[in-house]
1. Just checking, how many residues over the stretch 1-59 are over 11 Å from residue 78 (Cα atoms), modelled with pLDDT of 85 or more and small (Gly, Ala, Ser)?
2. Are there any pairs with C-beta distances below 8 angstrom linking a residue in the stretch 1-20 that is over 17 Å from residue 80 (Cα atoms) and surrounded by 13 or more Cβ atoms within 10 Å (Cβ to Cβ) to a residue that is aliphatic (A, V, I, L, M) and modelled with pLDDT under 80, with the two at least 6 apart or on different chains, and if so which?
3. Scan the stretch 30-53 and tell me whether some residue there is assigned to a loop (DSSP other than H, G, I, E, B), among the small types (Gly, Ala, Ser) and under 12 Å from the mean Cα position of the chain (by Cα).
4. Might you check whether a residue that is surrounded by 12 or more Cβ atoms within 10 Å (Cβ to Cβ), of a type in the set (Gly, Ala, Ser) and touching a residue at least 24 places away in the same chain (Cβ under 8 Å) occurs anywhere in the stretch 24-31?
5. Of the conditions (1) modelled with pLDDT of 90 or more; (2) among the polar types (S, T, N, Q); (3) surrounded by fewer than 16 Cβ atoms within 10 Å (Cβ to Cβ), residue 105 clears all except one; give me its number.
6. Quick one: residue 69 ticks every box in (1) surrounded by 15 or more Cβ atoms within 10 Å (Cβ to Cβ); (2) within 22 Å of residue 90 (Cα to Cα); (3) at pLDDT 95 or above except a single one, so which number is it?
7. Considering each of 72, 86 in turn, give the residue that is assigned to a loop (DSSP other than H, G, I, E, B), farther than 15 Å from residue 39 by Cβ and among the polar types (S, T, N, Q).
Amino acid sequence: MFPTSGARCDIQMTQSPSSLSASVGDRVTITCRASQGIGNYLAWYQQKPGETPKLLIYAASSLQSGIPSRFSGSGSGTDYTLTISSLQPEDFATYYCQQERSDSSSPKVKNMESNV
């Protein structure tokens, strides 16, 4: 059954891996797949225990001011990637992707996380 015109559909965000074992200096790649195209409206966040999420990447590939250049984002349509070129001790955290648009007309997004 397909949604009729004007119907809202939840966008499922599938992130992988859900957890990974990595060492300082490693190159780390996390992927995020949306169940439908989100037009590069994709952000990546880092969260550490007891802290609020920190924006790393917006518009799929734009580095937020103050974020080290070892973080990079790529992708389009439904498939996106966050790469940490050389993992540092302070990078051990939870990472998640999020559709950027949160206005009332945009679909609801269900998130998953990746623990490094």
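1. 8
2. So the pair list comes out as 20/116.
3. No, because not a single residue in the stretch 30-53 is assigned to a loop (DSSP other than H, G, I, E, B), among the small types (Gly, Ala, Ser) and under 12 Å from the mean Cα position of the chain (by Cα).
4. No: zero hits.
5. (1)
6. Failing condition for residue 69: (1).
7. Residue meeting the stated conditions: 86.
The values are calculated or read from the model by the stated rules, or taken from the named source; none is laboratory data. Everything quoted here is computed from the prediction, not taken from an experiment. With ideal geometry, Cβ positions are generated from the backbone for all residues, glycine too; neighbour counts draw on all protein chains shown.
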